[in-house]
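Trainee: Below is the structure I would like to discuss, written out as structure tokens.
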Amino acid sequence: MVDLIDLVQTLTTPHPLDRYLELVRPTLTVRQMRAEITHVRRSVPGSVTLTLRPTRQWRGHAAGQYVQIGVVIDGVRHTRCYSPVNPESRRDRRIQLTVKAHPGGLVSQYLHDQAVPGMVVDLSPAAGVFRLPEVRPDRVLLISGGSGITPVLSMMRTLADEGYTGELTFLHYARSPEAVPHRAELEAIAERNPRFRIEMRYPEQGGGPFDYDELDRVAPWFADAQTYVCGPPPLMDAVRKVYEAEELADRLHSEEFTLSVAPVDADEAYGATTFSASGVSAENTGASLLEQAEAAGLTPEYGCRMGICFSCTAVRRSGCTRNLRTGETGSDPDQPIQLCVSAAVGDVDIEI
């Protein structure tokens, strides 16, 4: 069967077989996974909750993992990462995503404004190491802020469905009660599970920031727990500082969909960036290689734009590049690098 598919794929070159099948029905695919939006709910201002029915290739997700959603906007395919909010091992094979429409967020704004039942989107398999261990801990602390609620909500819903008998505290930071998605469900879960504690904080309405005292109030047993945190960088940093000071870093697990980059040295922004497979060359501006390629009129494949999904991997034929997250440099020829988190140091040749 695989050999037959490969043969048909060869005959349909230059376009993949799935590009022809989607003309018949958007969800009819051989290899590329897609999903149809079946329900759309806009119950929280600035957010949209989508229920997706994936194609047969879907194998489920572990609570806390993410998927990539791809949409075509003005003729260009864009991909972003979102964490399912539904519990893992859902019997109906549906995926539920809550997407916050971030200012300037092309895909999130598009989904918030344009998503309707029947719309078909690209879908990747679930990925990521931010997940509950197979052997559930006796104590679990979940901390989130803003749209970072989605992966930890999946964790709590999973544990609730499993009849988890351990101790769990969920601490969430938001602008207001109205800005918390699935708030009614959170309260219902807490009512049904006496060992689940839900704590909401609204800093703009006088709620205190995260610190050691707050942590000790909501989960005095935190040193014995496994802690999972996802949210904006200030919250993530505050949690890390407490855990590092208490020498508990090995008990802290984090997920963040923002790219923290190392400062760019202006002395490295010189020379030319050559995209040899396209015959294009441009002045090195010091920006990421993905941004430089796009500025030069190229459209390399990409996904998360923050070094998570590896969709934008390309080969560095020659020259030196710097990893924008770690600051480390590399100059070995013919090495794969991630365009979204790499910048040129002087002259560099990238094969795209």
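The values are calculated or read from the model by the stated rules, or taken from the named source; none is laboratory data. Everything numeric in this text was worked out from a predicted model, so none of it was measured. Note that we place each Cβ from the backbone using ideal geometry, even for glycine, and neighbour counts take in every protein chain shown. Ligands, DNA and RNA are excluded from the accessible area calculation, which covers all protein heavy atoms including side chains. Shrake-Rupley method; radii C 1.70, N 1.55, O 1.52, S 1.80 Å.
Trainee: Please compute the alpha carbon radius of gyration of the chain, then divide it by the globular-protein estimate 2.2 N^0.38 Å. Two decimals is fine.
Mentor: Numbers: Rg = 22.2 Å, N = 352, 2.2 N^0.38 = 20.4 Å.
Compactness ratio reported: 1.09.
Trainee: What does the convex hull of the Cα atoms of the range 129-193 come to per residue, in Å³, rounded to a whole number?
Mentor: Numbers: hull volume 5.3 nm³, N = 65.
Looking at the range 129-193, the number lands at 82 Å³ per residue.
Trainee: Counting only helical runs of four or more DSSP H residues, what would the 222 nm mean residue ellipticity of the chain come to if each run contributes -39,500 (n - 2.57) and the total is spread over all its residues? Present the calculation step by step, with values, prior to reporting the outcome.
Mentor: On the way: 8 runs with 77 residues, N = 352.
After summing the helix terms and dividing by the residues of the chain, the value is -6500 deg cm²/dmol.
Trainee: Another question about this same structure. Which whole-Hz couplings ³J(HN,Hα) result when phi for each residue of the range 244-250 is put into the Karplus expression 6.51 cos²θ - 1.76 cosθ + 1.60, θ = phi - 60°, listed in order with x for Gly and Pro?
Mentor: 5, 5, 8, 6, 10, 4, 6
Trainee: Given Cα positions, please report Rg to Rh for the range 28-181, the hydrodynamic radius being the Kirkwood one.
Mentor: Computed over Cα atoms, the ratio is 0.97.
Trainee: Would you please classify the overall shape of the range 107-266 from the alpha carbon gyration tensor, given that a ≥ b ≥ c denote the square roots of the eigenvalues, rounded means a/c under 1.5, and beyond that prolate means a/b larger than b/c while oblate covers the rest? Mind showing how you got there, number by number?
Mentor: Values: a/c = 1.42, a/b = 1.13, b/c = 1.25.
Note, shape of the range 107-266 comes out rounded.
Trainee: With every protein chain present, what is the per residue accessible area of the range 158-307 (1.4 Å probe, Å²)?
Mentor: On the way: 7620 Å² over 150 residues.
Per-residue value: 51 Å².
Trainee: Scan the chain and hand back the longest stretch that contains none of the GluC sites (Glu not before Pro) lying in DSSP loops with at most 11 other Cβ atoms within 10 Å. Write out the running numbers ahead of the final one.
Mentor: Working: sites that count: 134, 247, 328.
Maximal segment without exposed cleavage sites: 1-133.
Trainee: Of all the accessible heavy-atom surface of the chain, with the other protein chains kept in place and a 1.4 Å probe, what percent is carbon and sulfur?
Mentor: Working: 8690 of 17190 Å².
Here it works out to 51 percent.
Trainee: May I ask you to evaluate 6.51 cos²θ - 1.76 cosθ + 1.60, the Karplus curve with θ = phi - 60°, for each residue of the range 276-291 and list the ³J(HN,Hα) values in order in whole Hz, giving x for glycine and proline?
Mentor: 5, 5, 9, x, 10, 9, 9, 5, 6, 9, x, 6, 4, 5, 5, 5
Trainee: Where Lys and Arg each count +1 and Asp and Glu each count -1, what net charge lies around residue 316 among other residues with Cβ under 14 Å from its Cβ? Present the calculation step by step, with values, prior to reporting the outcome.
Mentor: Details: positive: 317, 322; negative: 328, 332, 334, 347, 349, 351.
With Lys, Arg at +1 and Asp, Glu at -1, the net is -4.
Trainee: Next question. Can you check what the net charge comes to around residue 107, using other residues whose Cβ is under 13 Å from the Cβ of residue 107 (Lys, Arg +1; Asp, Glu -1)?
Mentor: On the way: positive: 77, 80, 100, 305; negative: 74, 113, 122.
Value of the local net charge: +1.
Trainee: Give me the Kirkwood hydrodynamic radius of the range 308-352, using the inverse of the mean 1/r over all pairs of distinct Cα atoms, in Å to one decimal.
Mentor: Here the Kirkwood hydrodynamic radius works out to 10.3 Å.
Trainee: Considering amide H positions built from the backbone, and no H for Pro or chain starts, which residues 5 or more places from residue 207, or on another chain, come under 5 Å of its amide H?
Mentor: Sorted by chain and number, the residues that satisfy this are 202.
Trainee: How high is the relative contact order of the chain, in percent, counting Cα pairs under 8 Å that sit 6 or more residues apart? Write out the running numbers ahead of the final one.
Mentor: Working: 705 pairs, mean separation 44.6, N = 352.
Dividing the mean separation by the residue count of the chain yields 13 percent.
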